[in-house]
Amino acid sequence: MNTALSLLILTELVLFSFWVSFAKKDKKKYKDLISGVMFLVALVILYQVFKLNLDFGLVLSFATLFAAVSWAFGKVIALKELEAEGRSYFLILLVITCIRSFAYEPYQIPSRSMVPGLQVGDFVLVNKYAYGIKFPGTNVLLTDLTPPKRNDVAVFIPPHTLCDTTPTDARPDLSKLSTAESQLFLNKFTNLQKNRCTSLGVKFVKRVIGIPGDKVEIKGYEIFINGKKIDQKLLTSSSEENLIEETIDEGVHIIRTLGLSDFAQHKWTVPQGSYLAIGDNRDNSLDSRAWGYFSEDYLIGRADFIWMHWASFSSLPSLSRNQHIQ
């Protein structure tokens, strides 16, 4: 754990012990002062959590556990105020933790990689039980895995954002590529990992194009899955962009192209336990074409619904984009 965060948590625990002491002695003035300081330290702890990209579900789980311990401790030492506050915080945090960990988690779209379907500033609800329920803050499944389907908009942690992942984890078929192809992938992956990796990884949202066993080939903007070309229909075309309706299996969505990848060539055979994911903004997306496959172990959930749009702090939140995600 980060040293600064560890010191902040230790400080909060020390302050909590002082609060209990002053509450027991009925020293309201000092107790209220400590409460204010504890609130400020808690805000700094939250800032550190987001700064370090820690799993918020795990943080909520620890906070819920602490509230339960405080409730029990209040009963043991016969401190009614601590018992009441511990109970109320525990119940509130328990409900929030259960909803966020086992039902739906809010997620904000940070980039333009899924334009036009998802815009920067869209807040989406991620279905946490779509692929199986996991223990909060971990990759441990509590139920059987429900595999993603082609065309799903999945939220996951890609391999290049994890510092302990190797290029062969991202492309198990690396040894089967030509020397030029394998070297190109190694260079891309190594540079991406060097600049973007953390111990816990970073969440991405992309469209699942290939599932285990699929043979996927891209020729320019045409995609072939197991030898069959997916249906594409041009909707609009301008000097700035093309919008194309694309159908994968029975799922229909719209992609955006800029004419930068007309001659791109990619070919994959998706290994077991892995998935191929590509952004809808085909010329402006960091996806499997650069970092390989993502593992089923790092699935977070399926993006189901846009519930709010907030473009920037200088604008007001809007519900105008509320819709199911195609």
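The table that follows gives values for the structure above.
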{"read-out": "So residue 49, is it under 20 Å from residue 4 (Cα atoms), hydrophobic (A, V, I, L, M, F, W, C) and assigned to a helix (DSSP H, G or I)", "value": "yes"}
{"read-out": "Selection count where residues are in contact (Cβ under 8 Å) with a residue 40 or more places away in the chain, outside any strand (DSSP E or B) and touching a Phe, Trp or Tyr at 6+ places or on another chain (Cβ under 6 Å), scope the range 294-326", "value": "1"}
{"read-out": "Cβ pairs under 7 Å, 6+ apart, first in the range 19-33 and of a type in the set (Ser, Thr, Tyr), second surrounded by 14 or more Cβ atoms within 10 Å (Cβ to Cβ)", "value": "30/22"}
{"read-out": "Single condition residue 193 does not satisfy, out of (1) surrounded by 19 or more Cβ atoms within 10 Å (Cβ to Cβ); (2) out of contact with any His (no Cβ under 7 Å at 6 or more places or on another chain); (3) in a helix (DSSP H, G or I)", "value": "(2)"}
{"read-out": "Scope the range 282-318; condition in contact with a Lys or Arg (Cβ under 6 Å, 6 or more places away or on another chain) and of a type in the set (D, E, K, R); matching residues", "value": "287"}
{"read-out": "From 210, 279, 292, residue being in contact with a helix residue (DSSP H, G or I) (Cβ under 7 Å, 6 or more places away or on another chain) and either under 14 Å from residue 156 (Cβ atoms) or not assigned by TED's automatic domain parsing to the domain that holds residue 173 (or both)", "value": "292"}
{"read-out": "Yes/no for residue 256 being of a type in the set (D, E, K, R), farther than 30 Å from residue 164 by Cβ and surrounded by 16 or more Cβ atoms within 10 Å (Cβ to Cβ)", "value": "yes"}
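The values are calculated or read from the model by the stated rules, or taken from the named source; none is laboratory data. This is a predicted model, so every value here is computed, not measured. Note: ideal-geometry Cβ built from the backbone for every residue, glycine included; neighbour counts use all protein chains shown.
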